[in-house]
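The values are calculated or read from the model by the stated rules, or taken from the named source; none is laboratory data. The structure displayed is predicted, hence computed values, not measured ones. Neighbour counts are summed over all protein chains in view; Cβ atoms, including those assigned to glycine, are modelled from backbone coordinates with ideal geometry.
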Amino acid sequence: MIAATLMYRDQLRSTWKRTLFITVSVAVTSATIISSNTNWGNFPRQIAFQMLISTCVGSLFWITGPLVKSYGGQLRPAPRWAWRIIISAVILNLGVLIGMTILAVAGAFPWSYYWPIFWSSVVPTTIFGVICTIAFVLYETLQYRVQYETAQARLSSLESRLRPHFLFNTLNSIMALIPEDPEAAERMTERLAALLRYSLDATEQSTVRLEQEVKVATDYLEIEKTRFGDRLQYSIDVPQQLLRAEVPPFSLQTLVENSVKYGGGEIRVTARNGNGRLLLRVWDSGQGFPAKHDLPAGHGLRNLKDRLDALWGSKAAVEFPSEDSGTTVQLSLPAVTP
């Protein structure tokens, strides 16, 4: 419920500028058409009237838009089109009724004109609304497709750099262990094989379940623990109800690898639900980052940040919460479950 509320709020925030632009454009267009057919001297008056009515209509579309889109997304294409056209016509005429009611109460025209004006405008208003709805849906679909293809291209490029980086680090760990403990090196090789299988399986996926990421991170930590022995200690605390949350492939592993490479000998992995957001945190006993967290190009966390930007934009972030001791890196993600 909280996640749905936050998502609804984010959609309202992201669409208010577009709604305002459409509202003003429709008001000016309507006032221009009416004035050209009657008297241009009434243009300022018509601008005021049409702006009020357009604001009522636009506000209804802005408030109900995310709900209409959410329900329509569950339907097949033909019913979805019918649903959006019908509901748009209803919302449009309801907004006109509200705007006309306000004008009548304000004395802009007599109440006796209320229904004659409305019924005379129903057909052109509905036709105009249907045309705008179809045009907007087509534009939105095209825009989404372009954004999706761009994001996929960015993800493919970033992930192609991530996997060799991870592979080389692990192979170096195995090579360091072979002269000292061949059996342990063999176990590490088996874990690496499992990680490579996961890497291949995740190639076509932009997100995976947190449960899979926890297993990958555990395999990686076991590989490194075999290498470092008692110098490396770790714990993982992820509630059962969060294991189905969606995260980018190798996101948790990237945090863990960063802690192994730059942190101290103790690592703690935790996941929490932070008011409808997934907070994925890795703490280590190292010295920490400098006050200004500038991540150079090619750094594992920088690549991860770019991947989050491609998937969720400003809705996801790599954060560095301050702690009394050690270093913490946190992923703040939308709490998405399949």
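The residues of segment 311-330 that are of a type in the set (Ser, Thr, Tyr) and either surrounded by fewer than 17 Cβ atoms within 10 Å (Cβ to Cβ) or modelled with pLDDT under 80 (or both), listed by number, are 314, 322, 325. Restricting 25, 54, 36, 59 to residues that are in a helix (DSSP H, G or I) and farther than 19 Å from residue 92 by Cβ narrows the list to 36.
Among 183, 190, 140, which is the only one that is among the charged types (D, E, K, R), at pLDDT 70 or above, exposed (fewer than 14 other Cβ atoms within 10 Å of the Cβ) and outside the structural domain of residue 238 (by TED's automatic domain parsing)? Break it down stepwise before answering.
On the way: 183 fails: outside the structural domain of residue 238 (by TED's automatic domain parsing); 190 fails: outside the structural domain of residue 238 (by TED's automatic domain parsing).
Being among the charged types (D, E, K, R), at pLDDT 70 or above, exposed (fewer than 14 other Cβ atoms within 10 Å of the Cβ) and outside the structural domain of residue 238 (by TED's automatic domain parsing) holds for just one of 183, 190, 140, which is 140.
Within segment 36-49, not a single residue is buried (at least 16 other Cβ atoms within 10 Å of the Cβ), β-branched (Val, Ile, Thr) and within 17 Å of residue 131 (Cβ to Cβ).
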